[in-house]
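Novice: Pasting in a structure now, in structure tokens, and then I'll have a few things to ask.
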Amino acid sequence: MFGKATGLCAVFAATMLAAGSVALADDALLNEAKEYFKPIPSVVPAVKDNAVTHEKVELGKMLFFDPRLSSSGLISCNTCHNLGMGGDDNLETSIGHGWQKGPRNAPTVLNAVFNIAQFWDGRAEDLKAQAKGPVQAGVEMASTPKRVETTLKSLPEYVERFTRAFPGEADPVNFDNMAKAIEAFEATLITPASRFDQFLEGNVAVLNDEEKEGLQLFMSKGCASCHNGVNVGGDGYYPFGVVEKPGADILPANDKGRFAVTQTADEEYVFRAGPLRNIALTAPYFHSGMVWDLEQAVAIMGTAQLGEDLSPEETKAITAFLKTLTGEMPTVTYPVLPVETADTPRPEAMIAK
Ligand code: HEC
Ligand code: HEC
């Protein structure tokens with residue numbers, strides 16, 4: 001009896017000890033993670049020089065979904081940044097005006113507000129500067145500021161909404177304000193409460209052992225030295241191929257990244273570290289969009305950025321961790337858009353008849 005009881009006691013004590021050390025390990029992991037990462041806030045972030053008001057957000061949402069910002073009348077921001085598909089188009093590189101294939105993969109608009117700057121090479125300072133690009137790009141929406149302004153002014157509901165969203169302005173319906181309204185809407189496209197955010201907020205039990213192992217590896221191997229902050233990336237520029245350049249199929253020779261922005265020789269093939277929030281939803285990967293499998297993307301990062309062949313188990317664990325970065329998608333009610341009038345510019349044929 002006595003012996004049995006001590007035996008039980010010993011088992012109990014051992015279990016308690018094991019549980020204690022697991023708790024300690026979890027605490028250490030959480031503390032280390034907090035040094036690298038920040039949770040996505042649950043409230044809409046403020047934007048520089050552009051108050052995020054209800055009127056602007058509602059207007060920006062309509063503009064985001066309105067294909068009449070394109071000259072063909074067919075392509076909206078949502079065509080390539082589909083909010084039902086992780087905020088991107090799930091194509092290798094985007095297809096725009098006249099079925100032209102653009103040179104780069106579309107990044108997600110979700111949480112883009114937290115990036116240091118916009119585009120793979122960071123060439124747009126912020127979301128309002130960014131929004132003017134695709135509208136005018138020949139391979140994307142192929143329109144002009146003038147055409148956009150004429151279109152918007154021909155639709156009385158837009159005139160009314162711009163006037164309310166930009167009170168006190170003499171001529172509120174203009175290209176700059178279009179960009180500001182879209183930026184305000186994009187600021188609402190954040191995805192809080194992923195399992196990783198819950199972990200960062202102290203709920204350590206929300207990640208399983210493999211995911212925790214993956215998080216540990218993500219930090220100890222050095223991924224987190226480039227992919228950190230709120231967006232687990234998106235806040236610094238690094239060569240793609242620090243240690244070993246990937247093949248030309250994955251890193252095409254003609255896209256030199258930030259070199260085109262800064263004209264500095266040592267910025268050849270330098271890109272913004274990909275923001276990894278919701279990465280499980282946004283295949284294919286890299287600016288070339290040439291990799292469809294997240295595990296393969298992780299393995300490529302190992303050799304290219306760290307000079308390390310990750311083992312299959314390590315690759316799997318890191319991938320499992322990356323999947324915990326999927327947050328709550330914003331609820332977006334599809335907007336009803338104003339009907340065209342006699343003054344609305346007619347769509348331009350995007351393909352030869
Ligand atoms: C034809 C497809 C297409 C359309 C239409 C389009 N985009 Fe994009 N978008 C892209 C591609 C491709 C990139 C990346 C280009 C690059 O990095 O050079 C991009 C980049 C972005 C980014 C930067 C995200 C980041 O992480 O850097 C934002 C934000 C964005 N687009 C918003 C918009 C908005 C707003 C509109 C509508 C006004 C729009 N896009 C229309 C394809 C498109
Ligand atoms: C030296 C900095 C650096 C390190 C270290 C690094 N990365 Fe990256 N990562 C980048 C850059 C830069 C890109 C963008 C590459 C491009 O141009 O397509 C990127 C892109 C990615 C992408 C694709 C993002 C997308 O939207 O397509 C994934 C996934 C990724 N990294 C994961 C990792 C993992 C996992 C590790 C560790 C094994 C790691 N990275 C280590 C800089 C780094």
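Every number in this text was worked out from the coordinates using simple rules, so none of it is lab data. Quantities reported herein were computed from a predicted structural model and do not represent experimental measurements. All Cβ positions, even for glycine, are placed from backbone atoms using ideal geometry, and neighbour counts span all protein chains on display.
Novice: Quick check on region 239-255. Is at least one of its residues within 11 Å of ligand 1 (Cβ to nearest atom) and under 20 Å from the mean Cα position of the chain (by Cα)?
Specialist: No, the conditions are met nowhere in region 239-255.
Novice: Looking at PHE218, is it assigned to a strand (DSSP E or B) and under 22 Å from the mean Cα position of the chain (by Cα)?
Specialist: No; evaluated as a whole, the condition is false for this residue.
Novice: Right, here's the next one. For region 255-353, which fully contained helices (runs of 4 or more DSSP H) count at least 1 residues that are surrounded by 18 or more Cβ atoms within 10 Å (Cβ to Cβ) and of a type in the set (Val, Ile, Thr)? Before the answer, list the steps.
Specialist: Working: elements: 259-262, 294-306, 312-323.
Qualifying helices (runs of 4 or more DSSP H): 294-306, 312-323.
Novice: Cβ-Cβ under 7 Å, sequence separation 6+ or interchain: first residue in region 170-198 and closer than 30 Å to LYS323 by Cβ, partner small (Gly, Ala, Ser) and in a loop (DSSP other than H, G, I, E, B). Which pairs?
Specialist: LEU189/GLY87; THR191/GLY327; PRO192/SER42; PRO192/GLY327; ALA193/GLY327; SER194/GLY327; ASP197/GLY327
Novice: List every residue pair whose Cβ atoms sit under 7 Å apart, with the two residues 6 or more apart in sequence or on different chains, where the first one lies in region 287-298 and is more than 16 Å from GLY247 (Cα to Cα) and the second, anywhere, is of a type in the set (Val, Ile, Thr) and near ligand 2 (Cβ under 10 Å from one of its atoms).
Specialist: From region 287-298, the pairs are LEU294/ILE279; LEU294/THR319; GLU295/THR315; GLU295/THR319.
Novice: Counting just the residues of region 99-123 that are more than 16 Å from ligand 2 (Cβ to nearest atom) and not basic (Lys, Arg), which one comes out farthest from VAL291 (Cα to Cα)? Spell out how you get there, then give the answer.
Specialist: Just the residues of region 99-123 that are more than 16 Å from ligand 2 (Cβ to nearest atom), to begin with: 99-101, 113.
Still in the running and not basic (Lys, Arg): 99-100, 113.
On the way: TRP99: 22, GLN100: 21, VAL113: 25 Å.
The residue in question is VAL113.
Novice: Considering each of VAL204, VAL173, VAL139 in turn, give the residue that is within 23 Å of the chain's Cα centre (by Cα) and among the β-branched types (Val, Ile, Thr).
Specialist: Details: VAL204 fails: within 23 Å of the chain's Cα centre (by Cα); VAL173 fails: within 23 Å of the chain's Cα centre (by Cα).
Selected residue: VAL139, the only one of VAL204, VAL173, VAL139 that is within 23 Å of the chain's Cα centre (by Cα) and among the β-branched types (Val, Ile, Thr).
Novice: Also: Of the residues in region 36-71, how many are under 30 Å from ALA224 (Cα atoms) and not in a loop (DSSP other than H, G, I, E, B)? Talk me through it step by step, then tell me what you get.
Specialist: Residues of region 36-71 under 30 Å from ALA224 (Cα atoms): 36-48.
Narrowing the set further to residues that are not in a loop (DSSP other than H, G, I, E, B) leaves 36-37.
Residues meeting the conditions: 2.
Let's see how each residue does on (1) among the basic types (Lys, Arg); (2) near ligand 2 (Cβ under 8 Å from one of its atoms); (3) farther than 23 Å from ASP197 by Cα:
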site	(1), (2), (3)
LYS256	yes, no, yes
ALA260	no, no, yes
ALA265	no, no, yes
ARG272	yes, yes, no
ARG277	yes, no, no
SER288	no, yes, yes
ASP293	no, no, yes
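Novice: Would you please list the contacts, defined by Cβ atoms under 9 Å and residues six or more apart or on different chains, that run from a residue in region 63-88 that is within 16 Å of ALA137 (Cβ to Cβ) to a residue that is away from ligand 2 (no atom under 16 Å from the Cβ) and in a strand (DSSP E or B)?
Specialist: Cβ pairs passing all conditions: THR79/ILE95; CYS80/ILE95.
Novice: Give, as residue ranges, the helices (runs of 4 or more DSSP H) completely inside region 93-199 that count at least 1 residues that are more than 26 Å from VAL339 (Cβ to Cβ), in contact with a strand residue (DSSP E or B) (Cβ under 6 Å, 6 or more places away or on another chain) and within 13 Å of ligand 1 (Cβ to nearest atom). Give the derivation first.
Specialist: Values: elements: 127-136, 145-153, 156-165, 175-187.
In region 93-199, 127-136 are the helices (runs of 4 or more DSSP H) which contain 1 or more residues that are more than 26 Å from VAL339 (Cβ to Cβ), in contact with a strand residue (DSSP E or B) (Cβ under 6 Å, 6 or more places away or on another chain) and within 13 Å of ligand 1 (Cβ to nearest atom).
Novice: Check whether at least one residue in region 138-148 is under 17 Å from GLU55 (Cα atoms) and of a type outside the set (Phe, Trp, Tyr), and report yes or no.
Specialist: Start the filter on region 138-148 by keeping residues that are under 17 Å from GLU55 (Cα atoms), which leaves none.
No.
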